[in-house]
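In what follows, a structure is listed as structure tokens, so that the remarks can point back to it.
The values are calculated or read from the model by the stated rules, or taken from the named source; none is laboratory data. Everything numeric here is computed off the predicted structure, so don't read it as measured data. Please note: Cβ atoms are built from the backbone with ideal geometry, for glycine as well, and neighbour counts cover all protein chains shown. Ligands, DNA and RNA are stripped out before the accessible areas are found, and what is left, the full protein with its side chains, is counted by its heavy atoms. Shrake-Rupley method; radii C 1.70, N 1.55, O 1.52, S 1.80 Å.
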Amino acid sequence: MTNTRNEPHAATSTTTPATVRAFAASSPTSGLAATTIRRRAPLPNDVQIDILYCGICHSDLHQARNEWVNAMPTTYPCVPGHEIVGRVAKVGRDVKKHKEGDLVAVGCMVASCGTCPGCRDGQEQFCDGPATFTYNAPDVHLGGVTYGGYSESIVVDERFVLRVSPKLEPAAAAPLVCAGITTYSPLRHWNVRKGQKVGIVGLGGLGHMGVKFAHAFGARTVVITTSAHKAQDAARLGADEVIVSKNAAEMQKHAGSFDFILDTVSAVHDLNALFQLLKKDGTLTIVGAPGEPVPVGVFDLIFRRRRFAGSLIGGIKETQEMLDFCAEHGITADVEVLPVQKVNEAYERLVKGDVKYRFVLDMAALKSGGKR
Ligand code: NAP
Ligand code: ZN
């Protein structure tokens, strides 16, 4: 059901796929290692991109280690990576939006049916197809599964390729197409604005972008963290206040005071303690995706008619809008750039919370064997 527009081309394409270098996990416990994968030759609507940088999202780690075994089991080998920035190397004959040499990005999706209500609303992430995710989704062109951005190049339908302003630093822009849009979209959808008190739970890759956006939208922005040592960074990123969630007295002081809370936590945690922070009719939206169920006690919801919601990345139109907003307001991620060969070290540090605030892999290092 995915990518119907391209299927006829795929069936008739006689051009040989290219072999490119990549980093892949071969099992949940293998870590990632250098390998080669195939990329299709560009079809008429395709853009071939030389990848410069790819961010490391906690979703990459969840999937490389098969931590979402019940919801989205991993097919191996798995080449993660959905925070891709690169330069257009080649375009198919019908491509209109992009040309050779353009700075572009690819986020979490590479195809969708284009006709269902979700797609028609510009919310391809909710495609009934379903949407084809950038990695670990069925690949209608080459068979097997899609492979992500921990690789030297990628070929993507132009509809899923985003323009990146030259005003944005490429490595720091890469995380915008997942961490950025995943926080921007719910903050916009729930109309976060001046005069509101908004909580961002978890100061990691997503959380630090959430702080920047909530602050840019004019809300009183409060970071709710387990890590007291992040307070100074939180203020620098735009937070007006910090609550250390392990401190019951601090949490009590803020009970019933938040209009909106965005929860970006990657592990099972106490949701009820967070519900108690909401006002009557306040909303907690979760974007963090722990592999295990998170218990919900209903009383904290029903007593103040509080709402509990979820959100998934954002559509292509909104992702472009977010990138343009970032270019206009000088917003990028705070990144630590590492050669792709250090990906396993980066994963270990991500699990320990030792990242300020997003690792980005330098893919040029793939070509030079890490000698850059
Ligand atoms: P990350 O950089 O590791 O940040 C997660 C943060 O959660 C940590 O920095 C930490 O913040 C907090 N945390 C971690 N373990 C915790 C625990 N046991 N209890 C309480 N807090 C804890 O991860 P990320 O890349 O931002 O991703 C966050 C989650 O969002 C992941 O599950 C990822 O898969 C998911 N995600 C969802 C979408 C979507 O569309 N819904 C898109 C992308 C990612 P503090 O130190 O401040 O407490
Ligand atoms: Zn992600």
Per the 1.4 Å probe, what fraction of the accessible area of the chain, in percent, lies on carbon and sulfur atoms? 52
Which residue fluctuates the most in the chain, going by a Gaussian network model with Cα springs under 10 Å, if the choices are 105, 33, 64? 33
With r as the distance between the Cβ atoms of residue 250 and residue 50 and R0 = 35 Å, compute the FRET efficiency 1/(1 + (r/R0)^6) and round to 0.05. 0.15
Given H placed 1.01 Å from N in the peptide plane, which residues other than close sequence neighbours of residue 82 have an amide H under 5 Å from its amide H? 57, 149
Run the helix sum for the chain: -39,500 (n - 2.57) per DSSP H stretch of 4+ residues, divided by residue count, reported at 222 nm to the nearest 500 deg cm²/dmol. -6500 deg cm²/dmol
Normalising by the residue count of the chain, find the relative contact order in percent from Cα pairs under 8 Å and 6+ residues apart. 18
For region 247-336, dividing by residue count, accessible area per residue (probe 1.4 Å) in Å² works out to 48
What is the extension gain from residue 344 to residue 87, computed as 0.36 nm multiplied by their sequence separation minus the C-alpha to C-alpha distance, in nm to one decimal? 89.9 nm
Note, region 161-167: 3J(HN,Hα) by Karplus (6.51, -1.76, 1.60, θ = phi - 60°), whole Hz, Gly/Pro = x, goes 9, 9, 7, 10, 5, x, 5
Summed side-chain charge close to residue 95 - residues other than residue 95 whose Cβ falls under 11 Å, Lys, Arg +1, Asp, Glu -1: 0
How much FRET efficiency would the formula 1/(1 + (r/R0)^6) give for residue 29 and residue 169, where r is the Cβ-Cβ distance and R0 is 25 Å, rounded to 0.05? 0.10
For the chain, what is the charge dipole size about the Cα centre, in debye to the nearest 20, if Lys and Arg each add +1 at the Cβ and Asp and Glu each add -1 at the Cβ? 440
Checked against the positive end of the charge dipole of region 181-310 (+1 on Cβ of Lys and Arg, -1 on Cβ of Asp and Glu, about the Cα centre), the farthest of 288, 187, 310 is 187
Send over a whole-number figure in Å² for the accessible area per residue of region 34-122, probe 1.4 Å. 40
extent check for region 156-285: Cα max minus min per principal axis, descending, whole Å, gives 50, 32, 29
State the antiparallel share, in %, of DSSP beta bridges confined to the chain, rounding to the nearest 5. 55
Under a crude label model (7 Å from the Cα following the beta-carbon direction), how far is residue 351 from residue 305 in nanometres? 4.6
J(HN,Hα) series, region 61-71, from Karplus relation 6.51 cos²θ - 1.76 cosθ + 1.60, nearest Hz, glycine and proline x: 5, 3, 7, 4, 9, 6, 6, 9, 4, 7, 8
Going 7 Å from the Cα of residue 267 in the Cα-to-Cβ direction, what parts of region 211-254 have a backbone nitrogen less than 18 Å from that spot? 224-231, 244-248
Under a Cβ-only charge scheme (Lys and Arg +1, Asp and Glu -1), can you give me the dipole magnitude of region 181-310 about the Cα centre, in debye to the nearest 20? 460
What is the sum of charges, Lys and Arg at +1 and Asp and Glu at -1, for the other residues whose Cβ falls under 13 Å from the Cβ of residue 275? +2
